[in-house]
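> Encoded as structure tokens, here's the structure I'll be asking about.
Nothing in this text is a laboratory measurement; each read-out follows from the coordinates by a stated rule. None of these values were measured; they are calculated from a predicted model. Cβ sites come from the backbone with ideal geometry, for glycine too, and all protein chains shown count toward neighbours.
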Amino acid sequence: MTSYAVQTRGLRRVYTPRRTEPRVSLDGIDLEIEVGEVHGLLGPNGAGKTTLVKILSTVLLPTEGSAAILGRDVVRDRNEVRRLVGCVFGGERGLYTRVSTRRNMLFWASLYGLPRREARTRSEELIERVGLAERADEPVENLSRGMMQRVHLARGLIGDPKVILLDEPTTGLDPVAALDFQQLIREMVADGRSVLLTTHDLDEAEAMCGRVSMIDHGKLLMTAAVRDIGARLASADRVDFRTEDVSVVEKVRSHPEVTEVSPLDVPGTYRAQPASQQGVGEVIRLLLDAGVVSVSTTPPSLEEVYLHVIGDRGMAL
């Protein structure tokens with residue numbers, strides 16, 4: 001039987017700072033991530049996402065419960081786990097910004113115990129792969145935010161990990177740099193790696209992940225496949241339609257089964273939210289009878305499920 005890429009059972013982490021009450025950061029987390037999966041971990045600041053990443057990467061010890069990477073326990077087999085895991089953070093954490101990308105890579109290769117020749121070869125391969133060959137000798141502090149994230153990814157891969165832990169990797173990136181970074185991650189997954197992605201960006205999670213888990217106040221609230229996430233809401237599909245006739249829009253808005261009609265980004269397009277699946281059919285019939293031919297339905301989005309399960313805490317960054 002193949003081991004899970006990540007598996008936790010009853011995982012708890014309690015902080016006991018001096019002169020203050022103990023604080024539960026993780027409270028009984030049961031999580032399973034399949035080999036080859038990109039799994040999203042969603043939740044507001046303070047939910048426990050980074051604590052989980054630190055335990056999986058052996059930086060923190062769990063207070064109770066267990067966690068394993070590819071069947072290796074993060075406490076008992078921590079040296080093996082460290083060879084299996086690569087961590088990629090956002091911002092400047094984990095990089096020496098006053099030295100070059102090449103020197104950063106060689107330093108991290110030495111920490112993994114790579115022989116000098118292998119360290120040089122692997123560093124050059126990764127620098128080339130993330131598109132930084134022409135800037136490899138510049139101090140990291142001179143690179144753009146997007147380029148810095150490429151350095152993070154290369155550093156996280158220097159030990160040839162099988163599981164990659166991405167902790168808010170695209171925070172602060174412009175949309176083009178974020179999409180570029182996401183493509184690099186897809187290439188890593190195509191190589192047979194598994195990924196745990198913590199993020200606030202629900203569009204990113206929807207685009208990248210096969211499944212997502214939602215966490216808040218240290219508790220795992222739900223896990224579901226992204227394609228099935230809308231089924232977790234007891235609400236009907238939305239009806240999107242296009243018309244230049246405002247009277248048709250008003251007819252839809254006044255329908256007793258419709259709770260809301262809102263304009264979409266493209267002029268002349270609208271989204272109606274029926275109260276039930278029966279209402280979906282009635283709205284579609286109303287639109288077709290009115291001569292509207294551009295009609296489609298979509299299930300509730302990941303953002304709607306997130307807001308339903310967690311609320312809007314942490315949505316505004």
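> Between Ala190 and Glu64, how many nm apart are label points set 7 Å from Cα along the C-beta direction?
Going by the 7 Å Cα→Cβ label model, 4.5 nm.
> Helix hunt in the chain: which complete DSSP H runs extend at least 15 Å axially by C-alpha with mean Kyte-Doolittle at least -1.0? List each step's numbers first, then the result.
Details: long enough: 101-111 (16 Å, -0.07); 116-129 (20 Å, -1.99); 145-157 (18 Å, -0.28); 175-190 (23 Å, 0.66); 277-289 (18 Å, 0.38).
Helices meeting the criterion: 101-111, 145-157, 175-190, 277-289.
> Could you name the aspartates and glutamates in cross-link range of Lys49, using Cα to Cα under 13 Å and dropping any fewer than eight places away on the same chain?
Asp27, Asp167, Glu168, Asp216
> Could you list which residues have their amide H under 5 Å from that of Gly71, counting only those 5 or more apart in sequence or on another chain, with H placed in the peptide plane?
Under 5 Å from the amide H of Gly71 lie the amide H atoms of Tyr4, each far enough along the sequence or on another chain.
> For the stretch 236-299, what log10 I(q)/I(0) values come out of the Debye formula at q = 0.16, 0.23 1/Å, with one point per alpha carbon and no solvent?
-0.40, -0.88
> Then there's this: Which far-off residues, 5 or more places away or on another chain, put their amide H under 5 Å from the one on Leu221, with H placed in the peptide plane?
Distant-sequence amide H within range of Leu221: Met214, Ile215, Asp216.
> Do me a favour and compute the ellipsoid semi-axes for the chain from its Cα gyration tensor, root of five times each eigenvalue, largest one first, whole Å. If you can, show how the numbers build up before the last one.
Working: eigenvalues 364, 123, 56 Å².
So the equivalent ellipsoid measures 43, 25, 17 Å along its semi-axes.
> Take every Cα-Cα pair in the stretch 132-185 and report what % of them are more than 17 Å apart.
Numbers: 533 of 1431 pairs.
Taking all Cα-Cα pairs of the stretch 132-185, the fraction more than 17 Å apart is 37 percent.
> Let me ask you something else. Just add up the charged neighbours of Leu286: K/R +1, D/E -1, any other residue whose Cβ is under 13 Å from the Cβ of Leu286.
Details: positive: Lys251, Arg253, Arg285; negative: Asp245, Glu250, Glu257, Glu282, Asp289.
That works out to -2.
> Moving on. Output ³J(HN,Hα) for the stretch 159-165: one whole-Hz value per residue in order, computed from phi by the Karplus curve 6.51 cos²θ - 1.76 cosθ + 1.60 with θ = phi - 60°, and x for Gly and Pro.
Those phi angles translate into x, 6, x, 8, 10, 10, 9 Hz.
> Further question on the same structure: Which whole-number percent is the relative contact order of the chain (Cα, under 8 Å, 6+ apart)? Present the calculation step by step, with values, prior to reporting the outcome.
Details: 592 pairs, mean separation 60.9, N = 317.
Here the relative contact order equals 19 percent.
> Where both partners of a DSSP beta bridge lie in the chain, what percent of those bridges are antiparallel, to the nearest 5? List each step's numbers first, then the result.
On the way: 35 of 54 bridges.
In the chain, approximately 65 percent of DSSP beta bridges are antiparallel ones.
> Could you give the Stokes-Einstein D for the stretch 146-271 in µm² per second, using the C-alpha Kirkwood radius, 10 °C, 1.306 mPa s?
Working: Rh = 17.9 Å.
The calculation lands on 89 µm²/s.
> Quote the Stokes-Einstein diffusion coefficient, in whole µm² s⁻¹, for the stretch 151-217, based on the Kirkwood radius over alpha carbon pairs, a temperature of 25 °C and a viscosity of 0.890 mPa s.
Working: Rh = 12.6 Å.
In µm²/s, the coefficient is 194.
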